[in-house]
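Take a look at the structure set out below.
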Amino acid sequence: MNIYGSDTRTLMGKATSLSRFQGKVTLIVNVASECGYTPQYAGLERLQQRYRERGFSVIGFPSNDFGEQEPGTPEQIQAFCTARYSVSFPLFEKVTTKPGPQQSPVYAELGKASGSLPKWNFGKYLVGRDGAVIEFYPSSVEPEDPKLVGAIEKALSSPPR
């Protein structure tokens, strides 16, 4: 299953596709601005800076699913992420990650591919260059956890297809 075939929208609502990430290693994260895990934005940005030249990107999907901790408008979310954490990685539309009729097609695919859906904000999916989900990491796994960093480095050392 190739997650990079999924259509979505940018944070500001413009139709787009994840196909622009084909051939890259990505870390797809459901983010929120008012969560106890929100400081993970800093670690996510450090990963982005550390590995972007090697074909890596963090991809953020704001979600208000858990504790209503992402109530902001797209403009408020962008301003918060830029001012507080200097986020340079792409942010996409606010989505529903939970199963049901409102679930984002991206998260439906991620759940199907991995067998896991986020149970809280800052769930992370590591996706290989081929668009296949390598592994799901729950919120409690920090972005710079050695286990996650090791998996990113291993995926980056695999040649692009």
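Values in this text are rule-based calculations from the coordinates and carry no lab data. Since this is a predicted model, take the numbers as computed values, not measurements. Backbone-built Cβ (ideal geometry, glycine too); neighbour counts: all protein chains shown.
Filtering the stretch 96-109 to residues that are in contact (Cβ under 8 Å) with a residue 12 or more places away in the chain and not aromatic (Phe, Trp, Tyr) leaves Thr96, Thr97, Lys98, Pro99, Ser104, Pro105, Val106, Glu109. Summed over the stretch 39-50, residues that are under 16 Å from Val141 (Cα atoms) and either aromatic (Phe, Trp, Tyr) or free of Cβ contacts under 8 Å to residues at least 24 places away in the same chain (or both) total 2.
For the stretch 77-90, the candidate set comprises residues that are in contact (Cβ under 8 Å) with a residue 12 or more places away in the chain and surrounded by fewer than 16 Cβ atoms within 10 Å (Cβ to Cβ); within that set, the residue that is farthest from Pro39 (Cα to Cα) is Ser88.
If you go through the stretch 9-21 and keep only what is out of contact with any Ser or Thr (no Cβ under 6 Å at 6 or more places or on another chain), within 12 Å of Val106 (Cα to Cα) and surrounded by 15 or more Cβ atoms within 10 Å (Cβ to Cβ), you end up with just Arg9.
Of the residues making up the stretch 105-157, those that are surrounded by 17 or more Cβ atoms within 10 Å (Cβ to Cβ), under 20 Å from Val95 (Cβ atoms) and of a type outside the set (Ser, Thr, Tyr) number 18.
Checked against the criterion of being of a type in the set (Asp, Glu) and free of Cβ contacts under 8 Å to residues at least 40 places away in the same chain, the candidates Glu93, Glu70, Glu53 yield just one match: Glu53.
Here is the figure for the stretch 118-141: residues that are under 16 Å from Leu47 (Cβ atoms) and either of a type outside the set (Asp, Glu) or more than 13 Å from the chain's Cα centre (by Cα) (or both) total 11.
A single member of Gly36, Gly60, Gly13 is over 12 Å from the mean Cα position of the chain (by Cα) and in contact (Cβ under 8 Å) with a residue 24 or more places away in the chain, and it is Gly13.
Of all residues in the stretch 134-145, those that are within 17 Å of Pro39 (Cα to Cα) have Cβ atoms under 6 Å from Cβ atoms of residues that are hydroxyl-bearing (Ser, Thr, Tyr), 6 or more apart or on another chain, in Ser139/Tyr37. In the stretch 16-33, of all residues being assigned to a loop (DSSP other than H, G, I, E, B) and touching a residue at least 60 places away in the same chain (Cβ under 8 Å), the one that is farthest from Arg54 (Cα to Cα) corresponds to Ala32.
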